[in-house]
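In what follows, a structure is listed as structure tokens, so that the remarks can point back to it.
The values are calculated or read from the model by the stated rules, or taken from the named source; none is laboratory data. Not measured: the values here are computed from a predicted model. Because the Cβ atoms are built from the backbone with ideal geometry, glycine has one as well, and the counts that use them run over all protein chains shown. These accessible areas exclude ligands, DNA and RNA; they are computed on the full protein's heavy atoms, side chains included. Shrake-Rupley method; radii C 1.70, N 1.55, O 1.52, S 1.80 Å.
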Amino acid sequence: MRIGIDIMGGDYSPKKTIQGAILAQKELLSSDKLYLFGEKNIILKHLELNNSHEKYFNIIDCKEIIQMGDHPIKSLKQKPKSSISIGFQFLSNGEIDGFASAGNTGALFVGGLYSVKSISGIIRPCLSSVLPKENGGEGILLDVGANADCKADVLYQFGILGSLLSKYVYGLKNPKVGLLNLGEEKTKGSLLTQATYEAMDGNHDYNFIGNIEGRDIFEETSDVIVCDGFTGNVVLKQAEAFYRIIKRRNLDNDKYFKRFNYENYGGTPILGLNKTVVIGHGISNEIAIKNMILLTKDIINAKLCEKIKETLN
């Protein structure tokens, strides 16, 4: 398996991305190859500082960097030699099996759409996030920011994508899909959620269990939570803020609350693309980078893109 990593992406790159790649390399099989995209001299310097060697990696020299604040479309056009641009070229050409980055989210999303493109039948690719359940399981929330405005058919398809991710990557046999709403009754909510409920109700594509409320997000009521990207992003940022408060008050020794730490999850795939692209948190440290790489491997191994294609066909 060949996994590409954007070494220049993230607030703490290249130091932390290199350290994360080194940690991941130690946990991968000898047949797995990590491709490091970034300025070669900088990569070699940090490998030496961390007592590692270039023989363990394939280094792809990239002379430009797409910064976190760069305009997604403009930067991809103006910086064709950037680590993100060249990483997508390798992915599109089949030279790597997956690409992961903690860099500019917009550039990664647009780059994925332009290079490997959406799976036929996908209305809008989306982003998901893992939320820890109190019972020990993992909940999938989607969309969490890629699609602020949605229609009912888009939300219906998010149910398919989330269900497949939950089933094939997180191992749930028949994940329960809930629609995030302000009440459990089918007549509650906005015109969008009411129309979406009607589309989801009684469908044969996934196990729809009805509306769920905000208080149910961390309970075992549902395994997959569907909402528009605006709502999902608010929920995700509230969960992150909740964890920061707990940590500041030294209450994060609790086993459950520790699972809110973003480091544990590494990143999230762009669901609906023809190939595996994983986006990490911009503030990722070496542990988060390592887990982002391992998540990329899990998604490739699960053949998630192929499962989505099969389901839509």
Taking only the Cα atoms of segment 87-236, how large is their convex hull per residue, in Å³?
120 Å³
With a 1.4 Å probe and every protein chain kept in, tell me what percent of the accessible surface of segment 76-153 is carbon plus sulfur.
48 percent
Mind putting a number on the dipole of segment 66-220 about its Cα centre? Charges go on the C-beta only, +1 for Lys and Arg and -1 for Asp and Glu, and I need it in Debye to the nearest 20.
680 debye
Per residue, in Å², the accessible surface of segment 1-127 once ligands and nucleic acids are set aside, probe 1.4 Å:
47 Å²
If R0 is 35 Å, what FRET efficiency do you get for Asn135 and Lys63 from their C-beta distance, rounded to 0.05?
0.10
Of Ile160, Ile60, Ile73, which is the most mobile in a GNM of the chain whose springs link Cα atoms less than 10 angstrom apart?
Ile73
Past the 26 Å Cα-Cα mark, which pairs from Lys151/Lys307; Lys133/Lys297; Lys79/Lys275; Lys26/Lys303; Lys16/Lys309?
Lys16/Lys309
In a Gaussian network model over the chain where Cα atoms closer than 10 Å are linked, find which of Leu236, Leu180, Leu44 has the largest mean-square fluctuation.
Leu44
Antiparallel DSSP beta bridges within the chain, as percent of all bridges there, nearest 5
30 percent
Placing one identical point scatterer on every Cα of the chain and ignoring solvent, what is log10 I(q)/I(0) from the Debye formula at q = 0.08, 0.09, 0.11, 0.13 Å⁻¹?
-0.35, -0.44, -0.66, -0.92
Can you tell me the alpha carbon radius of gyration of segment 170-313 divided by the globular rule-of-thumb value 2.2 N^0.38 Å?
1.17
How many percent of the accessible area of segment 187-313 is carbon or sulfur, using a 1.4 Å probe?
50 percent
Under a cut-off of 14 Å between alpha-carbon atoms, report the aspartates and glutamates in cross-link reach of Lys81, not counting same-chain residues fewer than 8 places apart.
Asp6, Glu39, Asp61, Glu64
